[in-house]
Amino acid sequence: MATPYKLPPDLTIAIKRFGLYPEETWYCLAIFLFVVGCFQWGSVLHSKLAKRRQPTKSVDEESTSATATARHGYSLRHLPLAAVNVYRVVAYRWTLELGNYTLNMAEVFVTLGYVSLLITWTFINTTNLEGKKFDITYWSNRAGLLAASQFPLVTALGTKNNLVSLVTSISYDKLNYVHRVTARSCFGLLLIHAGSEIYNFIYFDAALHETWLRLGITALVTLGVLCIVSLRPVRAEAYEFFFYTHFVAVLIFLVGAYFHTHAVHGSFWIWPSFVFWALDRFIRAVRVVVFNHSYFGFKRGSGTMDATTELISDDLVRLRLRRPRHFHWSPGQTAHLIMPSVSTLPFEAHPFSISSIDSTLFSSEANEEEGTENGEHSTKPRGAAYWKELVFLINVRGGFTKRLKQVAADKKTVKVFIDGPYGPSPDLGAYNTSVLIAGGSGITNILPIFLSVIEAVRNGSSNCRRVVFIWAVRDTDHLHWIEDALFRVHEVAPSSLNVSIRIFVTRGNVARSESDSMELSSQDQSLGGKDGILAVTWLKIETGRPEVKAILKDEVNGASGRMSVSVCGPQSLSRSVRHALRFPVSGPSSILHGGPSVTLYSEAFGYA
């Protein structure tokens, strides 16, 4: 009887740890996600309770209260709140700037922590029985399986509907940075795995004829391509190329990784990625059918969801469509729009901020059922579309948006399938003061938040007593983008709310010549005519860029209680706001002396 082959002791230990250590990394990740989830959901609960506890005061009462509050007084009962503010400043307003890249300290911590976790579990306990440290037998294959074990997480972080968002209450767009970090970290581990195998595997050349090895190499090369095309410069200049490449390359990588790891009984780490991806696609498909049922023959009136397009400036398209009956969203959220007649692929989805709010302020059951494609908008109050309909302000760049611009120039209607809503929505109801700052097309995110604050104060669901709306634009012509909405705000804003609207024009002159005004007055809702936005006294228009630091310092000094600052715009604007809300403006000393607790909501557009 043949004696069974006995593995060398070092190899036996290496195989045991080969399967154990990927599981241990998941224990660490699960604990971290649980802790983050507790803090996030605790913060959400605290905001809800604060909104219920705090009664709404009038503007006069608040002014008296703010004046009476001695900033030179010192109260230790504000110490916990001061500690929270210190955490906010350090984690989210201190940044690491690398060229055009800006990372806050929370992102830096997550990046370093995750990379350290993978490196530690790759090279820990790699001393062999003879005392040789970092024995390649211990860590070569371990690095590969450790990377494979992370791809369910990588896939989940890249989907719109995922368990991580549910557990942590962090929206998918915020998690997208972590998605890229995890993918690139795993690529580094796979390079370690591949390099060590080429160096140590004496039968590597012969094994190149094996399918499992060829598929592994294919998967590695494909992931490398993904890491390159996902870099910010590539995505910024050729987003559609990235979109298509990403879709195809991910499929190739996962198939190759599955069959490669199957040879070492590790494919169970890969197949969950297919499940997460398929589940996300299924949920999105169901939403598309539910919200666009008239297109699928479930209800009469096919075409009632078609969107009207309007080219309101050379680089901005306004898209308006009726609100689907079951579609509800919160201010600041986005929707994915599918326009088969405009996009390259039939079911290509593009995310855009919803510039209107989900409101019943101007709508009724009767109004939602009536109206025609041509005459519906004419019977509404000025600006009512921003409360009643789905409105999108789409910045024209290239590719899809460039083709949409041509459609809008011809004033055509377009068939739209809508999926969503997605993304975070700041709950500003618990804040006494709200400062809203937009730069350029960042108004698409800030405008609905502004409208929601007005409505929340009207219906008594907000503690807000002062709201400051700031928009930096290149030219006064851009005011036409939201002119109707601002007029409606002025009409419906309650007297108990102190509203400040400031527009900063960074190029050109604010004043117009008489001939310009006469020419504009012949157009619908001219800016310079007697009914135009430039003629009103309740809106302040200034030249130059806003002095963000000075503005925020003044608002903090004049506020008490809770204060929110929301910003959306270029990276430079978000960076300026972060800098302005560091110490000492939003430091512990301000809190201890009765100053406001400041929360920052930043939605910088661009490609990170």
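Quick note: the coordinates plus some simple rules give every number you see, no bench work behind them. Since this is a predicted model, take the numbers as computed values, not measurements. We place every Cβ from the backbone using ideal geometry, glycine too, and count neighbours over all the protein chains shown.
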Problem - Residue list for the stretch 134-169, given a label point 7 angstrom along the Cα-to-Cβ vector of V225 and an amide N cut-off under 20 Å - result: 155
Completion exercise
So, over other residues within a Cβ distance under 13 Å of V317, counting Lys, Arg +1 and Asp, Glu -1, the net charge is +4
Practice task
Would you please give the residues with an amide H less than 5 Å from that of D358, counting only those at least 5 places away or on a separate chain, with H modeled from the backbone geometry?
Solution key: W329
Exercise for the section: Could you list which residues have their amide H under 5 Å from that of L436, counting only those 5 or more apart in sequence or on another chain, with H placed in the peptide plane? Expected result: V468, F469, I470, S566
Practice task
Name all residues of the stretch 535-567 having a backbone nitrogen under 20 Å from the label point set 7 Å from the Cα of H490 along its Cα→Cβ direction, giving them as ranges.
Solution key: 535-543
Practice task
Rounded to whole Hz and in sequence order, give me ³J(HN,Hα) for the stretch 399-408 from the Karplus expression 6.51 cos²θ - 1.76 cosθ + 1.60, θ = phi - 60°, writing x for Gly and Pro.
Solution key: x, 4, 5, 5, 5, 5, 4, 5, 5, 5
Fill in the blank from the handout: Fewest-first ordering of I354, I31 by Cβ atoms within 10 Å yields I31, I354
Exercise for the section: Between K6 and L279, with labels modelled 7 Å along Cα→Cβ, what's the label distance in nm to one decimal, could you check? Expected result: 4.6
Practice task
Please arrange K540, K6 by counting, for each residue, the other beta carbons lying within 10 Å of its beta carbon, fewest first.
Solution key: K6, K540
Problem - Amide H contacts under 5 Å for T413, placed H, 5+ residues apart - result: none
Problem - Packing-based exposure ordering (other Cβ within 10 Å, fewest first) of S590, S330, S500, S356 - result: S500, S330, S590, S356
Completion exercise
So V289 and W271, fully extended at 0.36 nm per residue minus their Cα-Cα distance, gain in nm 3.7 nm
Handout entry: Separation in nanometres of the label points that stand 7 Å from Cα toward Cβ, at F34 and I15
Key = 3.3
Completion exercise
In whole Hz, the Karplus estimates of ³J(HN,Hα) for the stretch 279-287 (6.51, -1.76, 1.60; θ = phi - 60°; x where Gly or Pro) are 5, 4, 5, 5, 4, 5, 5, 4, 4
Problem - Label-point separation in nm, R214 to L81, each point 7 Å along Cα→Cβ - result: 6.8
Practice task
Could you run the Karplus curve 6.51 cos²θ - 1.76 cosθ + 1.60 with θ = phi - 60° over the stretch 227-243 and give me ³J(HN,Hα) per residue in whole Hz, x for Gly and Pro?
Solution key: 5, 6, 6, 8, 5, 3, x, 5, 5, 5, 8, 9, 5, 5, 4, 4, 4
